[in-house]
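Structure, as structure tokens:
Each value in this text was obtained by applying a stated rule to the coordinates, not by laboratory testing. Just so we're clear, the structure is a prediction, and the values are computed from it rather than from any experiment. Note that each Cβ is placed from the backbone with ideal geometry, even for glycine, and that neighbours are counted across all protein chains shown.
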Amino acid sequence: MRPALARLAAAATAPVPADLLAWAASTGSDDGPLPLLGAGRRAAHYPALLWNGARLHLAGAPDADGLTLVALASAAADAPVELLEQAVVTGLALDADLAAGTDGGTLLARPTTGVVAAAACAAVAAGITDLGPVLDLAAGLMVVQPVEDGTVAEAALARGHCLAAGWLAPRALGAGLIGMPDALLPTLETVTGRPAEPVSVPQPSPVPAGRGERAADLLAALS
């Protein structure tokens, strides 16, 4: 996660494309829990993750960078860095597992499985240990895309959606919204038109309290 934090810090001072600056001007303000990296503005969690996801995609950033932002956005202020690292590792593992089932071969359509990976990351960062219900809900938040590659802007927005919707999933679950039990595989099969391989859902392990940096410290460094 440390390399991802370093890249995010660099993005916070790097030039921002004009179209993203215009978006930031209309979406952001001087206040808000999350920065719009490099734009000098802040925003609420959902629009900030949507914007930052698009920004990171256009910059060619690795998936770990977006998941690190999701973890920071989802964790309690005093969450230890070890918990954030576990959240990012969980998201990356699930992302790789899901991507293997939607790459290659003949598909009817392509779901944004990054939503499910980001939801797992957000859940672990928030201290949730039973990921199954979170992933069930996240399955319904995926966007169905054509098999053919879309425009650069469409791909950027899709990446932003993955981060924002992934952050939203455990919060919606906590507010009482639930998904269909065991929804993930049937949803993947319906969208792709082919059998879905069982997904290995990582089980978070207990994280020591730790005495190092906390989520609030790491997030403040990006502001």
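In table form, for the structure just shown:
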read-out: Qualifying positions in region 195-212 - surrounded by 14 or more Cβ atoms within 10 Å (Cβ to Cβ) and over 20 Å from the mean Cα position of the chain (by Cα); value: 196, 207
read-out: Elements of type helices (runs of 4 or more DSSP H) contained in region 11-88, each with 1 or more residues being closer than 16 Å to residue 153 by Cβ and in contact with a helix residue (DSSP H, G or I) (Cβ under 7 Å, 6 or more places away or on another chain); value: 18-27, 45-58
read-out: Residue that is surrounded by the fewest Cβ atoms within 10 Å (Cβ to Cβ) [pool: residues in region 30-64 that are acidic (Asp, Glu) and touching a residue at least 12 places away in the same chain (Cβ under 8 Å)]; value: 30
read-out: Unmet criterion (only one of (1) of a type in the set (Val, Ile, Thr); (2) under 30 Å from residue 195 (Cα atoms); (3) surrounded by fewer than 23 Cβ atoms within 10 Å (Cβ to Cβ)) for residue 16; value: (2)
